[in-house]
Every structure is written in structure tokens, then in C-alpha cells.
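In what follows, a single structure is set out as C-alpha cells and then discussed.
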Amino acid sequence: MSETTNQEIKELILSLDKKFEIQISNLDKKFEVKFTELQGHINQVESTLKGDINRVEATLKGEINRVEVTLMDEINRVEVTLMGEINRVEATLKGEIKEVEAILKGEINKGETKIDGIDKRLGNEEIISRSAFIGIFVAVLTGLTKFLFFTDRV
């Protein structure tokens, strides 16, 4: 090979190297531009998503607060209704308890009256039984006295 050919190859390689450098530089610039565009799109999408998320979050908080208020109102309404029912049942039970107490007092008074009557009857029967016993005893003594002292014994 000759020196000129070497020189030509060298020049050719250098020119190719410059072309590649220019092409690589152009590609780098294109990549940077596309990367910058993509970064802008990503930032835009991220911003849009953050806005949407914030909007949805605010909407959900509003709905949650609305549901909470509705539930609290419903709980309060049920509580008032239950308290009314409890008071009504309590008043009814108090009335029925008073009626039962009155009936029981009447029955107790009747029972006491019957017991007093039975007690008096037993007291009277005791007196009658003692009197009868004493009468029989006196009759037996009288008979024994007559037999021992007033009979003719020969």
C-alpha cells in the first residue's frame, strides 16, 4: 500500500468520524428535544392527575360529610323514637304494676279478714271444747261421788 492510500484512508476515516459525530450530535439534540417534550407531557399528565385526585378527594370528603350528617340525623331520630317508646312502655308498666299492687292489697286484706275470722272461730271452738271437757269431767265426778257416797250399800 502506498502512502497516499494510507493518507486517503485516514482522511476518509476522519471525514466519516466527523459525519458520525455530527449525526450523533444531531441524535443527541433530537433525544434531548424529545426527552424535554416527554418530560413536559409527563409533568402535564402529573399535574392533571393531581388536580383530578384533589377534585375527587374533595368530592369524596363532601360526600362522606354529607353521609355522616345524614347518619347522625337518622341515629338521633331513632334515638328519640326509641326513648319515646321506652317512656311509653315504662308508663304502661308502672300503671299495670300499680293495678297489680292494688289487686294484691285487696287480696291480702281479704286474706287477713279470713284469717281473723278463722282465728275467732278457732278461739270459740277452743272455748267450746274446754267447756265440753269440763262438763264431761264434772259429770264423771258427780257420778263417781254419787256412786261412792250416796248409793245404798248393804
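The values are calculated or read from the model by the stated rules, or taken from the named source; none is laboratory data. Keep in mind that what you see is a predicted model, and the values were worked out from it rather than measured. All Cβ positions, glycine included, derive from the backbone under ideal geometry; neighbour counts span all protein chains shown. Quick note on the areas: whole protein, heavy atoms, side chains included, nothing else; ligands and nucleic acids left out. Shrake-Rupley method; radii C 1.70, N 1.55, O 1.52, S 1.80 Å.
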For this session: Return the distance in nm (one decimal) between the two label points of a simple spin-label model at Val56 and Ile75, each offset 7 Å from Cα along Cα→Cβ.
Result: 2.9
For this session: For the chain, with a Gaussian network of springs between Cα atoms less than 10 Å apart, report the residue from Gly111, Gly123, Gly143 with the top mean-square fluctuation.
Result: Gly143
Exercise. Using a cut-off of 30 Å between alpha-carbon atoms, which lysines can reach Lys30, once sequence neighbours fewer than 8 places away in the same chain are excluded?
Worked result: Lys10, Lys18, Lys19, Lys50
Exercise. Using 0.36 nm per residue, how much length does the chain from Ala132 to Glu112 gain when fully extended, once their Cα-Cα distance is taken away?
Worked result: 4.2 nm
Exercise. Can you tell which of Arg88, Arg121, Arg55 shows the greatest fluctuation in a Gaussian network model of the chain with Cα springs below 10 Å?
Worked result: Arg121
For this session: For region 1-138, with all protein chains present and a 1.4 Å probe, just round the carbon and sulfur fraction of the accessible area to a whole percent.
Result: 65
For this session: Quickly work out the Leu122-to-Lys10 label distance, labels modelled 7 Å from Cα along the C-beta direction, and quote it in nm with one decimal.
Result: 15.1
Problem set entry | Principal axis dimensions, region 1-89 - Cα atoms, whole angstrom, descending | 123, 19, 5
Seminar exercise, completed: Mean-square fluctuation maximum in Gaussian network of the chain, Cα pairs under 10 Å, restricted to Leu141, Leu38, Leu104, hits Leu141
Problem set entry | Listed residue (Ala102, Ile75, Val138) projecting farthest to the positive dipole end of region 54-154, Cβ model | Val138
For this session: Counting only heavy atoms of the protein chains, get the accessible area per residue of region 1-57 (1.4 Å probe) and round it to a whole Å² value.
Result: 96
For this session: Determine the per residue accessible area of region 72-154 with all protein chains present and a 1.4 angstrom probe, expressed in square angstrom.
Result: 94
For this session: Give me the percent of Cα-Cα pairs in the chain that sit more than 27 Å apart, rounded to a whole number.
Result: 78
Exercise. So what are the ³J(HN,Hα) numbers for region 122-132, from phi and the Karplus equation (6.51, -1.76, 1.60; θ = phi - 60°), rounded to whole Hz, Gly and Pro as x?
Worked result: 5, x, 5, 5, 5, 5, 5, 5, 5, 4, 5
